[in-house]
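Taking it in order: structure first as structure tokens, then the write-up.
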Amino acid sequence: MTVLIDTPRLRLRGWRDADRGAFAAMTADADVMRDLGGPIGRPASDEKLDGYRAAFARCGVCRWAVETREGSFVGYAGVMPRPEGHPLGPHFDVGWRLVRSAWGKGYATEAARAALHDAFARKALEEIVAYTSPDNLRSQAVMERLRLRRDPSRDFTSRNAQGGEWCGLVWVARPA
């Protein structure tokens, strides 16, 4: 993974094996993982990170590791391909997740904006969607700051990693 995306305060980069511990700590945090059904253990965390690496190898986009310019891990942001079996069918989605100490600093918006720009520029995608649960007002605020368009006709329900029901509110990004 040689793509690096720099923003004024952050760097989006490919995953390293050295990121596994910080990533696992983030995905084990109940506050960070609340909207996805709760924390996950190390094996599931490693599997998720491996999936991001595989997505990049397959199609050139993924959830990137996000770090400050000083090199501190703050989470992930990026675009992922979704398969035919998803409730929305095959598509690309943008998502982000940050360690609790990075909340409220505008990092999610900054990183997601850079990831969207990169995906539209390098991959010439026509549309990228984002979705979040109805109670995740913080992510909805990020989607508004990104100027994504809300599309209630595409809202869906699926199962989360823990087998519970998850409702997704859908927002849409198109190239500028």
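The values are calculated or read from the model by the stated rules, or taken from the named source; none is laboratory data. This is a predicted model, so every value here is computed, not measured. We place every Cβ from the backbone using ideal geometry, glycine too, and count neighbours over all the protein chains shown.
Looking at the stretch 1-26 only, could you name the residues that are free of Cβ contacts under 8 Å to residues at least 24 places away in the same chain and buried (at least 17 other Cβ atoms within 10 Å of the Cβ)?
Result: Ala24, single match.
Go through the stretch 150-176 and give me each residue that's in a strand (DSSP E or B), without any contact (Cβ under 8 Å) to a residue 24 or more places away in the chain and exposed (fewer than 12 other Cβ atoms within 10 Å of the Cβ). Steps first, answer last, please.
Step one: list which residues in the stretch 150-176 are in a strand (DSSP E or B), which gives 150, 156-159, 165-173.
Going one step further and asking which of them are without any contact (Cβ under 8 Å) to a residue 24 or more places away in the chain, we end up with 150, 159, 165.
Of everything in the stretch 150-176, those that are in a strand (DSSP E or B), without any contact (Cβ under 8 Å) to a residue 24 or more places away in the chain and exposed (fewer than 12 other Cβ atoms within 10 Å of the Cβ) turn out to be Arg159, Glu165.
In the stretch 166-176, is there at least one residue being under 25 Å from Asp6 (Cα atoms) and modelled with pLDDT under 95?
Within the stretch 166-176, one or more residues are under 25 Å from Asp6 (Cα atoms) and modelled with pLDDT under 95.
I'm checking my understanding of the structure. Among residues of the stretch 140-149 that are under 13 Å from Trp96 (Cβ atoms) and not β-branched (Val, Ile, Thr), which one is surrounded by the most Cβ atoms within 10 Å (Cβ to Cβ)?
The extreme case among them is Met143.
Looking at Asp50, Asp35, Asp46, Asp31, which one is loosely packed, with under 12 Cβ neighbours inside 10 Å and either modelled with pLDDT of 95 or more or among the charged types (D, E, K, R) (or both)?
Working: Asp50 fails: loosely packed, with under 12 Cβ neighbours inside 10 Å; Asp35 fails: loosely packed, with under 12 Cβ neighbours inside 10 Å; Asp46 fails: loosely packed, with under 12 Cβ neighbours inside 10 Å.
After applying the criteria, what remains is Asp31.
Of the residues Glu84, Glu67, which is among the acidic types (Asp, Glu) and modelled with pLDDT under 95?
Working: Glu67 fails: modelled with pLDDT under 95.
Being among the acidic types (Asp, Glu) and modelled with pLDDT under 95 holds for just one of Glu84, Glu67, which is Glu84.
Say we look at the stretch 113-139 and pick out the residues that are free of Cβ contacts under 8 Å to residues at least 40 places away in the same chain and within 20 Å of Trp166 (Cβ to Cβ); which of these is surrounded by the most Cβ atoms within 10 Å (Cβ to Cβ)?
Of everything passing the filter in the stretch 113-139, Arg138 is surrounded by the most Cβ atoms within 10 Å (Cβ to Cβ).
Looking at (1) over 18 Å from Arg145 (Cβ atoms); (2) under 14 Å from the mean Cα position of the chain (by Cα), which is the one condition that is false for Gly89?
Failing condition for Gly89: (2).
Taking the stretch 111-147 as the search range and keeping residues that are among the hydrophobic types (A, V, I, L, M, F, W, C) and outside any helix (DSSP H, G or I), which one is farthest from Ala25 (Cα to Cα)? Steps first, please.
Within the stretch 111-147, the first condition is being among the hydrophobic types (A, V, I, L, M, F, W, C), and the residues that meet it are 111-112, 114-116, 119-121, 124-125, 128-130, 137, 141-143, 146.
Now restrict to residues that are outside any helix (DSSP H, G or I): 124-125, 128-130, 146.
On the way: Ala124: 34, Leu125: 33, Ile128: 28, Val129: 27, Ala130: 24, Leu146: 27 Å.
Per the stated criteria, the residue is Ala124.
Based on this model, can you work out whether Ala108 counts as without any contact (Cβ under 8 Å) to a residue 60 or more places away in the chain and part of a helix (DSSP H, G or I)?
On the way: without any contact (Cβ under 8 Å) to a residue 60 or more places away in the chain: yes; part of a helix (DSSP H, G or I): yes.
Considered against the rule, which asks whether it is without any contact (Cβ under 8 Å) to a residue 60 or more places away in the chain and part of a helix (DSSP H, G or I), Ala108 comes out as yes.
Any residue in the stretch 30-45 that is under 13 Å from Ser133 (Cα atoms) sitting within a Cβ distance under 9 Å of a residue that is of a type in the set (S, T, N, Q) and crowded, with 18+ Cβ neighbours inside 10 Å? List the pairs, counting only those 6 or more apart or interchain.
Once the first residue is under 13 Å from Ser133 (Cα atoms) and sits in the stretch 30-45, its partners that are of a type in the set (S, T, N, Q) and crowded, with 18+ Cβ neighbours inside 10 Å give Met33/Thr27; Asp35/Thr132; Asp35/Ser139; Leu36/Thr27.
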